[in-house]
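These notes concern the structure reproduced below.
The values are calculated or read from the model by the stated rules, or taken from the named source; none is laboratory data. Values in this document were obtained by computation on a predicted structure and should not be read as measured data. Counting neighbours? That spans all protein chains shown, and the Cβs are built from the backbone with ideal geometry, glycine included. Just so you know, the surface numbers come from the protein's heavy atoms only, side chains and all, with ligands and any DNA or RNA stripped out. Shrake-Rupley method; radii C 1.70, N 1.55, O 1.52, S 1.80 Å.
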Amino acid sequence: MTRKLAAEKVSAWYGPKKAIEDISLDFEEHATTAIIGPSGCGKSTLIRCLNRLHETVPKARVEGKVLLDDKDVYADDPVAVRRRVGMVFQKANPFPTMSVYDNVAAALRLNGVRDRGKLDKIVKRSLEQAALWDEVKDYLGKPGVSLSGGQQQRLCIARALAAEPEVLLMDEPCSALDPIATAKIEDLIFDLKKDYTVVIVTHNMQQAARVADTTAFMYLGHLIEVGGTRELFERPRETLTESYITGRFG
């Protein structure tokens, strides 16, 4: 398989506090990589380094390289990077004053797309890709925040997809959702990897086992082990990994 994205010796700080240290990890194209580990181990910090969101935090800094198609994203314009590497956050965050339609069209308009026909086409395609079109097609003018929690999260996924990214980062996208909404997002992740490279941070090991091709285990800011998901769960090489997945800590 071809790697789409890679972290090479990435370390990150919040002021004087080091959050992650020397992390090197490849993300395969058209595959889903899950990052697991206990709370506070640096999972979210790592993926925020992948699309340069980490540096938006005051006094935060990053060392190392993040390669997208073998080019360092830190040598590029951060806005261009975030266009190619989209992000979906833990808590659904539709723009509160905007309709369902305008939430999805927002990034396009920001990039200068004014043609209504083109906007209609991309909004429909993005909502279809997010498995939401059939549920909202008659309510496109309703506020995005009027949807259920699971629908709002899929709306945020549609909004990220409208910008036509190549990589989709998802930071615990199901942590606030009920089991039915979670199952819909998991089905969606499975479909999305046909067109995108997907990276998901999750505290739910069963979820990682269900959706990911590769799983990486982090602990206290370090990458402990990475491997094929089934192999990592059934035959972990590191004692620490085994202790975590068997529930001895976490």
Taking the range 51-69, which residues are out of contact with any Ser or Thr (no Cβ under 7 Å at 6 or more places or on another chain), in contact (Cβ under 8 Å) with a residue 40 or more places away in the chain and either among the acidic types (Asp, Glu) or part of a helix (DSSP H, G or I) (or both)?
-> Asp69
If you go through Ser148, Ser175, Ser126, the only one that is crowded, with 22+ Cβ neighbours inside 10 Å and of a type in the set (Ser, Thr, Tyr) is Ser126
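Residues checked against (1) modelled with pLDDT under 95; (2) in a loop (DSSP other than H, G, I, E, B); (3) touching a Phe, Trp or Tyr at 6+ places or on another chain (Cβ under 8 Å):
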| position | (1), (2), (3) |
| --- | --- |
| Ala107 | yes, no, no |
| Asp120 | no, no, no |
| Ala131 | yes, yes, no |
| Ala158 | no, no, no |
Residue under evaluation Ala183, criteria (1) assigned to a loop (DSSP other than H, G, I, E, B); (2) without any contact (Cβ under 8 Å) to a residue 60 or more places away in the chain; (3) not acidic (Asp, Glu), criterion not met | (1)
Flag if Val167 is over 29 Å from Cys49 (Cβ atoms) and crowded, with 17+ Cβ neighbours inside 10 Å | no
Taking the range 220-229, which residues are open to solvent by less than 20 Å² (accessible area, probe 1.4 Å) and of a type outside the set (Gly, Ala, Ser)?
-> Glu225, Thr229
Scan the range 51-76 for residues that are charged (D, E, K, R) and open to solvent by 30 Å² or more (accessible area, probe 1.4 Å) and jot them down.
-> Glu55, Lys59, Arg61, Glu63, Lys65, Asp69, Asp70, Lys71, Asp72, Asp76
Which residue pairs have Cβ atoms closer than 6 Å, lie 6 or more positions apart in sequence or on different chains, and pair a first residue in the range 223-237 that is β-branched (Val, Ile, Thr) with a second residue that is assigned to a loop (DSSP other than H, G, I, E, B)?
-> Ile224/Glu238; Thr229/Ala212
List the pairs whose first member sits in the range 90-114 and is over 19 Å from Leu177 (Cα atoms) and small (Gly, Ala, Ser), whose second member is open to solvent by 80 Å² or more (accessible area, probe 1.4 Å) and in a loop (DSSP other than H, G, I, E, B), and whose Cβ atoms are under 8 Å apart, counting only residues at least 6 apart or on separate chains?
-> Ser99/Lys142; Ala106/Phe95
Which pairs do you get when a residue that is in contact (Cβ under 8 Å) with a residue 12 or more places away in the chain, found in the range 161-179, comes within reach of a residue that is assigned to a loop (DSSP other than H, G, I, E, B) and of a type in the set (A, V, I, L, M), reach meaning Cβ atoms under 9 angstrom, with the pair 6+ apart or on two chains?
-> Leu161/Ala130; Leu169/Leu53; Pro173/Ala92; Ala176/Ala92; Leu177/Ala92
Would you mind telling me which numbered condition in (1) within 22 Å of Lys91 (Cα to Cα); (2) out of contact with any Ser or Thr (no Cβ under 7 Å at 6 or more places or on another chain); (3) part of a loop (DSSP other than H, G, I, E, B) Leu188 fails?
-> (3)
Across (1) over 29 Å from Asp26 (Cβ atoms); (2) open to solvent by 50 Å² or more (accessible area, probe 1.4 Å); (3) aliphatic (A, V, I, L, M), Leu155 clears everything bar (2)
Filtering the range 70-105 for residues that are of a type in the set (A, V, I, L, M) and in a helix (DSSP H, G or I) leaves a count of 8
Is there a residue in the range 205-219 that is surrounded by fewer than 24 Cβ atoms within 10 Å (Cβ to Cβ) and of a type in the set (Phe, Trp, Tyr)?
-> yes
Pull up the range 77-93, narrow it to residues that are surrounded by fewer than 14 Cβ atoms within 10 Å (Cβ to Cβ) and of a type outside the set (Val, Ile, Thr), then point me to the one that is nearest to Thr202 (Cα to Cα).
-> Lys91
Going through the range 1-50 in order, the residues found to be open to solvent by 50 Å² or more (accessible area, probe 1.4 Å), farther than 21 Å from Leu188 by Cβ, in contact (Cβ under 8 Å) with a residue 40 or more places away in the chain and not basic (Lys, Arg) are Glu8, Tyr14, Glu21, Asp22, Ser24, Ser39
